[in-house]
Amino acid sequence: MKPLLRWLALVLLAAVALELFFVLRIALMAVVDPQSTSFQRSEIWAQLHSRGSLRWQQQWVPYAQISDHLKRAVIASEDDGFVNHEGVDWNAVEKAWERNARAEALAQARAAKAGKAAPAASPAQPQRVPKIRGGSTITQQLAKNLLLSGERTLLRKGQEFILTMALELFLSKQRILEIYLNNVEWGEGVFGAEAAAQHYYRKSAARLAPAEAARLAVMLPAPKRFEKTPGSAYLAGRTRTILARMGSAQLP
């Protein structure tokens with residue numbers, strides 16, 4: 001029993017040490033720009049593995065050199081309560097759980113109906129899993145992309161929560177948004193506001209017009225897909241919606 005307890009204690013100690021290491025890195029980000037994120041490193045590995053070469057665009061620019069239109073657009077699209085919450089928007093989380101529960105119940109009902117309608121000898125058809133929508137804030141997204149893997153487990157979600165609290169504790173809202181906008185993915189190998197502005201509009205992030213900023217913000221949930229479908233009707237419609245909301249978005 002004692003060897004098992006010692007082993008468990010070592011595992012717990014290692015987990016605590018790792019979280020402390022992450023927290024210290026976050027505290028340092030108050031004055032030092034992060035060189036890369038966990039998500040970016042995984043993308044580099046994926047590109048080198050699949051293509052044998054690296055396609056990469058990224059250039060850090062200070063907060064003041066990013067268009068306010070883009071800041072407002074991203075807040076309006078991704079996290080309209082950004083300046084008011086403390087890292088987690090519990091109302092958004094509750095709504096996400098409700099949406100996910102409805103989606104799962106609908107999927108189960110369709111599966112049951114399909115099972116009754118199918119002939120007894122027919123092979124069972126695989127059911128499409130409903131897309132689960134989350135309630136992640138900008139701070140949560142930054143915590144996940146900066147330091148964590150892409151796994152979707154309760155353990156990783158717990159880590160995300162701890163790191164989100166650390167980001168809010170050690171960094172200002174403005175600094176959180178600055179780091180987020182300089183590191184978020186906007187296409188294959190396109191990271192950060194400056195790279196996105198140059199890639200899509202051949203101009204600096206400081207000179208983005210409202211409509212251009214809104215379109216970039218709408219791409220964030222699936223930038224690689226939207227990069228390949230620039231004429232998407234959804235992209236155009238959602239851009240108009242975000243453009244209309246930008247005026248009420250609060251900046252830190």
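Summary of computed values
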item: Condition broken by residue 18, with the remaining ones in (1) in a helix (DSSP H, G or I); (2) among the aliphatic types (A, V, I, L, M); (3) modelled with pLDDT of 90 or more satisfied; result: (3)
item: Among residues of the range 175-198, those that are modelled with pLDDT of 95 or more, part of a loop (DSSP other than H, G, I, E, B) and acidic (Asp, Glu), counted; result: 0
item: Total residues in the range 77-91, condition among the small types (Gly, Ala, Ser), modelled with pLDDT under 90 and farther than 15 Å from residue 172 by Cα; result: 0
item: Filter result (more than 18 Å from residue 60 (Cα to Cα), surrounded by 12 or more Cβ atoms within 10 Å (Cβ to Cβ) and either in contact (Cβ under 8 Å) with a residue 60 or more places away in the chain or not aliphatic (A, V, I, L, M) (or both)) within the range 13-38; result: 19, 22, 23, 25, 27
item: Qualifying residue in the range 46-54 (condition: out of contact with any strand residue (DSSP E or B) (no Cβ under 8 Å at 6 or more places or on another chain), more than 26 Å from residue 136 (Cα to Cα), of a type in the set (D, E, K, R) and exposed (fewer than 11 other Cβ atoms within 10 Å of the Cβ)); result: no
item: The range 140-159, subset of a type in the set (Lys, Arg) and more than 23 Å from residue 81 (Cβ to Cβ), residue modelled with the lowest pLDDT; result: 152
item: Where residue 62 falls short, out of the listed (1) exposed (fewer than 11 other Cβ atoms within 10 Å of the Cβ); (2) farther than 30 Å from residue 165 by Cα; (3) at pLDDT 90 or above; (4) not basic (Lys, Arg); result: (2)
item: Residue list for the range 199-252, restricted to those being surrounded by fewer than 20 Cβ atoms within 10 Å (Cβ to Cβ), among the β-branched types (Val, Ile, Thr) and in a helix (DSSP H, G or I); result: 241
item: Those residues of the range 161-174 which are in contact (Cβ under 8 Å) with a residue 12 or more places away in the chain, more than 10 Å from residue 142 (Cβ to Cβ) and in a helix (DSSP H, G or I), in sequence order; result: 161, 162, 165, 166, 168, 170, 173, 174
item: Qualifying residues in the range 27-59 (those that are of a type in the set (D, E, K, R) and not in a helix (DSSP H, G or I)) - the one modelled with the highest pLDDT; result: 33
item: The lone exception for residue 41 - which of (1) touching a residue at least 40 places away in the same chain (Cβ under 8 Å); (2) out of contact with any Phe, Trp or Tyr (no Cβ under 9 Å at 6 or more places or on another chain); (3) farther than 22 Å from residue 173 by Cβ it fails; result: (1)
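The values are calculated or read from the model by the stated rules, or taken from the named source; none is laboratory data. Computed from a predicted structure; not experimentally measured. Reconstructed Cβ throughout: ideal geometry from the backbone, glycine too, with neighbour counts over all protein chains shown.
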